[in-house]
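Structure first, then comments.
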Amino acid sequence: MRTFIKKDVVERVCQRSQERPDAVAKIVNDTFTILREIMSGDESELRIEVRDFGVFEVKKTKPKPKARNPKTNEIIYVAARRKTHFKPGKLLKEALKRPLDQL
């Protein structure tokens with residue numbers, strides 16, 4: 001499995017836009033920082049929709065008063081928290097539906 005990092009994103013945007021790498025790196029970094037700040041903010045549930053890409057959601061979970069630690073079998077309490085969810089957009093879904101032999 002290939003892992004892409006932020007630097008790979010910057011390089012591809014530089015190739016496509018013909019911009020300087022330092023300017024593109026700042027924009028990419030700022031974009032991810034803003035998304036992280038929005039998602040980790042005070043709102044308990046939110047939705048960030050990026051057209052033709054997908055939707056990032058922050059959802060609440062319920063507290064679990066009788067969860068079990070599988071290692072020790074101890075009954076523990078798990079507080080309510082927030083979790084992230086990503087739902088791909090229509091174009092991304094269609095691209096991922098192509099059979100692997102057509103890639």
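The values are calculated or read from the model by the stated rules, or taken from the named source; none is laboratory data. This structure is a prediction, so every number in the text was calculated from the model and none was measured. Cβ sites come from the backbone with ideal geometry, for glycine too, and all protein chains shown count toward neighbours.
Quick look at the values:
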| quantity | calculated |
| --- | --- |
| Selection within the range 58-80 - among the charged types (D, E, K, R) and either assigned to a strand (DSSP E or B) or surrounded by 11 or more Cβ atoms within 10 Å (Cβ to Cβ) (or both) | Lys59, Lys60, Lys64, Lys66, Arg68 |
| Only one of Glu43, Glu94, Glu57 that is in contact with a His (Cβ under 8 Å, 6 or more places away or on another chain) and either of a type in the set (Asp, Glu) or touching a residue at least 40 places away in the same chain (Cβ under 8 Å) (or both) | Glu57 |
| Selection from the range 39-80 of residues that are in contact with a Phe, Trp or Tyr (Cβ under 9 Å, 6 or more places away or on another chain) and among the aliphatic types (A, V, I, L, M) | Met39, Leu46, Ile48, Val50, Val55, Ala67 |
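Each row is one residue, and each column tells you yes or no for (1) in contact with a Leu (Cβ under 7 Å, 6 or more places away or on another chain); (2) farther than 21 Å from Leu91 by Cα; (3) in the same structural domain as Lys6 (by TED's automatic domain parsing); (4) exposed (fewer than 11 other Cβ atoms within 10 Å of the Cβ).
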residue	(1), (2), (3), (4)
Asp22	no, yes, yes, yes
Asn29	no, yes, yes, no
Arg36	no, yes, yes, yes
Val55	no, no, no, no
